[in-house]
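Following: one structure in structure tokens, then a few remarks.
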Amino acid sequence: MKIIKYLFFLLLLVVIGGAVYVATIDGEFQVEQSRVIDAPDELLFNTINEYKTWEKWGPWMDESDDLIMDYPEKTSGEGASYSWKSETQGDGIMKTEKASPFTSIDQKITFITPMGESKSDVYWKFEKIEGKKTKVTWGMKGKQSFMEKAFWATQDSTLSQNLRPMYKRGLEKLDKYTKEKMKEYSVHVDGVTEHEGGNYMYIATTSSIAEMQQKMAQMLPAVHAYMRQNNLPQTGMPFTLYNEFNQEQGTTIFSTGIPTRDKVETPKGSTILSGLLPKQRVVKTTLKGDYVNLKEAWEAGYKYITDNSLEPIATSPAFEVYRTDPGLQPNPAEWITEIYIPIK
């Protein structure tokens with residue numbers, strides 16, 4: 001009987017000692033992971049701010065086959081949330097507390113466990129760096145309960161050590177997901193229509209096809225500047241007029257222009273000139289996506305002309321109109337370009 005009492009007393013000491021030890025463990029924790037992603041901060045912010053995208057790149061998707069996501073009416077912005085259920089991963093709720101466009105997002109995560117609810121703060125930071133790259137930081141911080149500290153005291157790793165690889169994998173998947181979204185595009189041949197034409201200011205040059213984008217990046221701001229200096233109203237979106245395009249030789253003569261209201265007389269020797277696009281019958285093709293897909297869009301337009309026994313006007317240059325300003329819409333998948341091929 002004495003032995004049982006001694007054993008019970010010893011067990012009690014162990015339990016008390018363990019409780020004291022657990023109580024002395026610092027329950028504060030913080031874990032964060034960063035990654036530089038070759039994508040604009042606006043796209044990354046909007047992706048993370050919308051909870052319905054999380055199942056596309058969330059790292060926990062790799063670890064659970066029974067995860068069931070539930071979305072309320074509001075899934076993006078302040079007050080948005082989503083919840084999940086899983087027998088293997090447990091249940092939980094995520095809610096957006098604050099969303100500061102393109103710079104940061106603050107969220108609250110609640111894990112529902114047999115030991116009760118565990119709440120932590122989740123945060124995102126977006127730092128624009130060199131060109132269109134963005135440094136994305138994903139972190140979580142909070143304070144563990146007594147039972148949580150007791151649980152992690154029995155494990156080979158800490159909570160932070162356990163979370164860090166998951167956050168790293170999540171950012172890698174986010175990187176891949178956003179790059180795939182930026183590559184999305186569509187080409188649609190709208191068919192035969194009439195272009196109204198009109199006056200425009202422009203710069204013309206000869207160039208290799210490979211150097212066109214670089215030259216356009218210099219020419220368009222020069223036309224903009226001239227129009228501002230001379231109080232000339234812009235009445236439409238910028239465009240490129242292909243006076244000559246030789247695919248075999250890889251050369252082109254083209255003009256970069258901006259529509260304006262009236263015909264303008266420019267000083268002798270000025271590189272900025274005034275032109276007039278005639279009202280004409282055209283085949284219109286619309287590209288939604290990056291300019292790297294323009295070749296396919298042009299081919300679709302000319303195929304439509306051939307398939308419908310139409311005839312292009314050789315003396316009337318075809319042109320592209322840029323409906324989206326890349327400076328205002330950094331996601332190439334959202335760029336709209338219209339192609340017009342004059343026909344008889």
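If you scan segment 153-181, which residues turn out to be at pLDDT below 95, within 30 Å of I48 (Cα to Cα) and hydrophobic (A, V, I, L, M, F, W, C)?
Of everything in segment 153-181, those that are at pLDDT below 95, within 30 Å of I48 (Cα to Cα) and hydrophobic (A, V, I, L, M, F, W, C) turn out to be L159, L163, M166.
Inside segment 220-253, can you point out the residues that are in a helix (DSSP H, G or I), open to solvent by 30 Å² or more (accessible area, probe 1.4 Å) and in contact (Cβ under 8 Å) with a residue 24 or more places away in the chain?
Hits for segment 220-253 are L220, A222, H224, Y226.
Which residues, counting only those in segment 289-314, are in a loop (DSSP other than H, G, I, E, B) and crowded, with 18+ Cβ neighbours inside 10 Å?
G289, D290, listed by residue number.
Considering only residues of segment 95-112 that are part of a strand (DSSP E or B), open to solvent by 50 Å² or more (accessible area, probe 1.4 Å) and not aliphatic (A, V, I, L, M), which is modelled with the lowest pLDDT?
F111
Looking at this structure, is I339 assigned to a strand (DSSP E or B), closer than 11 Å to V283 by Cα, out of contact with any His (no Cβ under 6 Å at 6 or more places or on another chain) and not aromatic (F, W, Y)?
Here the answer is yes, as I339 does meet what is asked.
Hey, among the residues in segment 115-140 that are closer than 21 Å to V31 by Cβ, at pLDDT below 95 and in contact with a helix residue (DSSP H, G or I) (Cβ under 9 Å, 6 or more places away or on another chain), which one's surrounded by the fewest Cβ atoms within 10 Å (Cβ to Cβ)?
My answer is M115.
So which residues in segment 256-271 are open to solvent by less than 50 Å² (accessible area, probe 1.4 Å) and modelled with pLDDT under 95?
Listed by number, the residues that qualify are V264, T266, S270.
Which of the residues belonging to segment 162-176 are in contact (Cβ under 8 Å) with a residue 40 or more places away in the chain and open to solvent by 40 Å² or more (accessible area, probe 1.4 Å)?
R164, K168, R169, E172, K173, K176
Testing D62 on (1) in contact with a Lys or Arg (Cβ under 8 Å, 6 or more places away or on another chain); (2) within 17 Å of W138 (Cα to Cα); (3) open to solvent by 40 Å² or more (accessible area, probe 1.4 Å); (4) not aromatic (F, W, Y), one condition comes back false. Which one is that?
Looking at each condition in turn, D62 falls short on (2).
Please find, within segment 84-94, the residue that is most open to solvent (accessible area, probe 1.4 Å) out of those that are farther than 16 Å from T53 by Cβ and assigned to a strand (DSSP E or B).
K85
Taking the condition modelled with pLDDT under 85 and either farther than 30 Å from P267 by Cβ or in contact with a strand residue (DSSP E or B) (Cβ under 8 Å, 6 or more places away or on another chain) (or both), does K143 pass?
yes
Residues T96, T113: which one is over 24 Å from the mean Cα position of the chain (by Cα) and either of a type in the set (S, T, Y) or within 14 Å of A80 (Cβ to Cβ) (or both)?
Checking each option against the conditions leaves just T113.
Mind checking which residues of segment 198-219 are in a helix (DSSP H, G or I) and among the hydrophobic types (A, V, I, L, M, F, W, C)?
Matches in segment 198-219: I209, A210, M212, M216, A217, M219.
Can you work out which of the residues in segment 310-332 that are of a type in the set (S, T, Y) and without any contact (Cβ under 8 Å) to a residue 60 or more places away in the chain is farthest from R281 (Cα to Cα)?
Per the criteria, the residue is T324.
The values are calculated or read from the model by the stated rules, or taken from the named source; none is laboratory data. Values in this document were obtained by computation on a predicted structure and should not be read as measured data. Here Cβ is always computed from backbone atoms with ideal geometry, including for glycine, and neighbour counts include all displayed protein chains. Surface areas here come from the heavy atoms of the whole protein model, side chains and all, with no ligands, DNA or RNA. Shrake-Rupley method; radii C 1.70, N 1.55, O 1.52, S 1.80 Å.
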